[in-house]
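One structure is given here, and the rest of the page talks about it.
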Amino acid sequence: MSTADQAGERLSDGASAERIEPCGTLFNLRGNGLWRFIARRRISVRLLSLAILMSIGFFPATAAFADEIRPALLDIKEQNTGLFAVTWKVPMRGDRVLAITPILPASLELLGSPSVQQMPGALIEQATYKNNAGSLTGQTILIEGLSALQTDVLLLVQLQDGSQHSAILRPSSPEFTIPLQASKLKVAVDYWRMGTIHILEGVDHLLFVLALLLIVSGIGPLVKAVTAFTVAHSITLALATLGLVHVPSAPTEAIIALSILFLAAEIVHQRKGVVGLTERYPWLIAFIFGLFHGLGFAGALSEIGVPRHEVPLALFTFNVGVETGQLMFIAVVLGLIALLKRLPITIPQGAWRLLPYGIGGVAAYWTIDRVISFLPIAA
């Protein structure tokens, strides 16, 4: 089953500064430990400005891919004895298709012509095959061209006898031999890894967590806020994945962007001495917006699919993967703060605006772009 005809290119200064007094009188900083730390230390302007500007510059560059989990999908389902429905979904970037092609077992014979449908961000090819062998077990499926790309392919195989198999094919292991029995351990590891990658590549989710870190002061309140966020998105992720709740993805993504914009404004208000809702009730704000972030996670999970025979296991390990990635990000941020505390600091007055205004600017762009995407004018 080849998509070669549709495949396109392979994706492959010393500025003057004012010294900050230990009391923080120039900035009149309050509340958050990060801002207090900046006010009490002296960091080189070049180091601080370069780190912030590189971070802010990175986010717009990845704005289009803020909440995307973009593996390809190969879904093979046995409909009747010997007949298989095969769906091949390959990501697109603009009008270019990833140059990867599934090589199916030689016993599968194509019946008729495949149907090809182009959707936003993906090309979907569907076809029916006849199996000229007794069974697919023991046969190998290969993704040609995967070794040269930095992407994954989710493989789902469902046989008529009820047995199901899933695997994530990677550049280092682009093939899969269908076993007699699926391994629960492999499903767990694959979906844990997928969840971890999703949160680490989901720039909007990370910006939300970063904004929380900038607002909430103290270990206790921070733990409560992060826990509330975790509980909330775990609830909606489970409900949406199990089909108990359905919310259109476009408005959900817009609300996620709006949640980041809200926190960016709260950071500025806090800096100006205004006690906002997030500073007063961090756990409540994290919980409310966490519900929508969970719907975003569920949308990503639905894009790659869940093996029907292992829904609870896949859902649980995917969520654990999300939490793993989130804790990794928090650890890196707190580690960087601890590292910067060891350095002498000088920063220009007003430089504190770079981070919240950068976060807010990116979030505002996402909000407008995502709202336009589901309005009638978008057509």
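The values are calculated or read from the model by the stated rules, or taken from the named source; none is laboratory data. Here the structure is a predicted model, which means the values were calculated and not measured. Because the Cβ atoms are built from the backbone with ideal geometry, glycine has one as well, and the counts that use them run over all protein chains shown.
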Hey, any hits in the range 173-185 for a residue that's surrounded by fewer than 23 Cβ atoms within 10 Å (Cβ to Cβ) and touching a Lys or Arg at 6+ places or on another chain (Cβ under 9 Å)? no
Out of (1) surrounded by 18 or more Cβ atoms within 10 Å (Cβ to Cβ); (2) more than 30 Å from Glu78 (Cβ to Cβ), the odd one out for Leu277 is which? (1)
Against the condition in contact with a helix residue (DSSP H, G or I) (Cβ under 7 Å, 6 or more places away or on another chain), over 30 Å from His165 (Cβ atoms), in the same structural domain as Leu355 (by TED's automatic domain parsing) and in a helix (DSSP H, G or I), how does Ala257 come out, does it pass? yes
Going through the range 241-254 one residue at a time, which ones are modelled with pLDDT of 90 or more and part of a helix (DSSP H, G or I)? Pro251, Thr252, Glu253, Ala254
Filtering the range 198-234 down to residues that are small (Gly, Ala, Ser) and either outside any helix (DSSP H, G or I) or under 12 Å from the mean Cα position of the chain (by Cα) (or both) yields Gly202, Ser217, Gly218
On the given criteria, is Leu284 more than 21 Å from Asp204 (Cβ to Cβ), of a type outside the set (Asp, Glu) and part of a helix (DSSP H, G or I)? no
Just wondering, is there one or more residues in the range 331-351 that are of a type in the set (S, T, N, Q) and modelled with pLDDT of 80 or more? no
Set Ala286, Ala264: member being farther than 15 Å from Ser217 by Cβ and assigned by TED's automatic domain parsing to the domain that holds Leu207: Ala264
Within the range 209-229, identify whether any single residue is surrounded by fewer than 19 Cβ atoms within 10 Å (Cβ to Cβ), farther than 24 Å from Leu263 by Cα and modelled with pLDDT under 90, and answer yes or no. no
Which members of the range 77-100 meet the condition of being in contact with a Ser or Thr (Cβ under 8 Å, 6 or more places away or on another chain), surrounded by 18 or more Cβ atoms within 10 Å (Cβ to Cβ) and part of a strand (DSSP E or B)? Phe84, Val86, Trp88, Val90, Pro91, Val97
Of the conditions (1) surrounded by 20 or more Cβ atoms within 10 Å (Cβ to Cβ); (2) over 19 Å from Val223 (Cα atoms), Asn319 fails just one. Which one is it? (2)
Restricting the search to the range 342-352, which residues are surrounded by fewer than 14 Cβ atoms within 10 Å (Cβ to Cβ) and out of contact with any Asp or Glu (no Cβ under 9 Å at 6 or more places or on another chain)? Arg342, Leu343, Pro344, Gly350
Just give me the residues in the range 155-197 being within 20 Å of Glu144 (Cβ to Cβ), aliphatic (A, V, I, L, M) and either at pLDDT below 85 or in a strand (DSSP E or B) (or both), in sequence order. Leu155, Leu156, Val157, Ala167, Ile168, Leu169
